[in-house]
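The values are calculated or read from the model by the stated rules, or taken from the named source; none is laboratory data. From a predicted model like this one, the values you see are computed outputs, not experimental measurements. Cβ: placed from backbone, ideal geometry, glycine included. Neighbour counts: every protein chain shown. Heads up: the accessible areas ignore ligands, DNA and RNA and are worked out on the full protein's heavy atoms, side chains in. Shrake-Rupley method; radii C 1.70, N 1.55, O 1.52, S 1.80 Å.
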Amino acid sequence: MLNILSLIGNTPLVQLNRIGDGLPYPIFAKCEFLNPGGSVKDRIAQAIVNHAEKAGQLKPGDTLIEATAGNTGIGLALMAVQRGYKLVCVMPEKMSLDKRQALASLGAKVVVTPNAPLADDNNFRQVAKRLAIENGWFNTQQFSHHANPQIHFDTTGPEILQQCNGQIGAFVTGVGTGGTITGVGRYLKQHVPNVKIILADPIGSRLAHLCNPALPDVDSSYLVEGIGGSAAPDNFDLSVVDDVEQISDEESFATARRLILEEGLLCGGSTGTNIAAALRVALYPDCTGPVVTIICDSWDRYFTQPWLKEVCK
């Protein structure tokens, strides 16, 4: 039976004709914001729930719980609506009010936690784990569930390679759970031996250092939502990364605003991180072809954030 979930995946790839003008190689962006839930995370939400159902871990009326920056929560909310589940989303307080309101509108219960490091009991992932145990809820565990990178290996990677007609020099993306860079990276490296996989990481995140110990070991706050962190998620295969580009909040948000105003692509801040890094990668002396990156989500979940209000000035 066809429903909204059948529209997940097979998103278009578009060239950045203005922002990428004059570069040695074109930059292509995969429009994951055109998934029905508005983000790349629809893919993993569907994959994790499908896996749990096939394994007999879920029955109608059960409660799902996830620690989320918002996008996986929205994808899970679509699954919950379609499959008859309840949903609890645990979010750090730095995430936008827009995301909280969207989740609540979809029927999810939203629990907001302090912006605490992973080792802290108040960290959103720790709170979700604790609530799942205490209440007998099903923890979808996007940061460690193997269906996450697998769905990107099975779908996102092949889509990109087909859309590029097999010609790709580099794939660039940030890391939230690690599923996209791991799954796509593994797939592309199997089929395009010379492809470069580049981590786009916010300045303040430790992931850059973990991938390249020559970079400073810094763990500090930053404003970009949904990517970076103090520790590598279980789903992040660091060995797939060839190089790292560190991007400041200012550059991320300025690039996102450019994408909106110059390309008409209605994106969020983490997409700005990806595009800013891709612009650098296209200038690498050893880049051998087009650079592909991800438009992670849409601007509708950032309307209340100061960086997006700048567009209206």
Scanning segment 44-63 for residues that are in contact (Cβ under 8 Å) with a residue 40 or more places away in the chain and over 14 Å from residue 73 (Cβ atoms), the one surrounded by the most Cβ atoms within 10 Å (Cβ to Cβ) turns out to be 47
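Hey, can you tell me all the residues within segment 72-98 that are among the charged types (D, E, K, R) and within 18 Å of residue 44 (Cα to Cα)?
Restricting attention to segment 72-98, the residues satisfying the condition of being among the charged types (D, E, K, R) are 83, 86, 93-94, 98.
Within segment 72-98, 83, 86 qualify.
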Does residue 188 qualify as being assigned to a helix (DSSP H, G or I) and open to solvent by less than 30 Å² (accessible area, probe 1.4 Å)? yes
So which residues in segment 1-54 are assigned to a loop (DSSP other than H, G, I, E, B) and polar (S, T, N, Q), if there are any at all? 3, 10, 11, 17, 35
Could you say whether any residue in segment 152-174 is at pLDDT 95 or above and in contact with an Asp or Glu (Cβ under 7 Å, 6 or more places away or on another chain)? yes
Within segment 91-112, which residues are within 21 Å of residue 269 (Cα to Cα) and of a type outside the set (A, V, I, L, M)? 92, 93, 94, 96, 98, 99, 100, 101
Pairs returned, first residue in segment 118-129 that is touching a residue at least 60 places away in the same chain (Cβ under 8 Å), second residue that is in a loop (DSSP other than H, G, I, E, B) and open to solvent by 80 Å² or more (accessible area, probe 1.4 Å), beta-carbon separation under 6 angstrom, 6 or more apart or interchain, are none
Which one of the conditions (1) out of contact with any Ser or Thr (no Cβ under 7 Å at 6 or more places or on another chain); (2) under 21 Å from residue 182 (Cα atoms) does residue 286 fail to meet, given that it meets all the rest? (2)
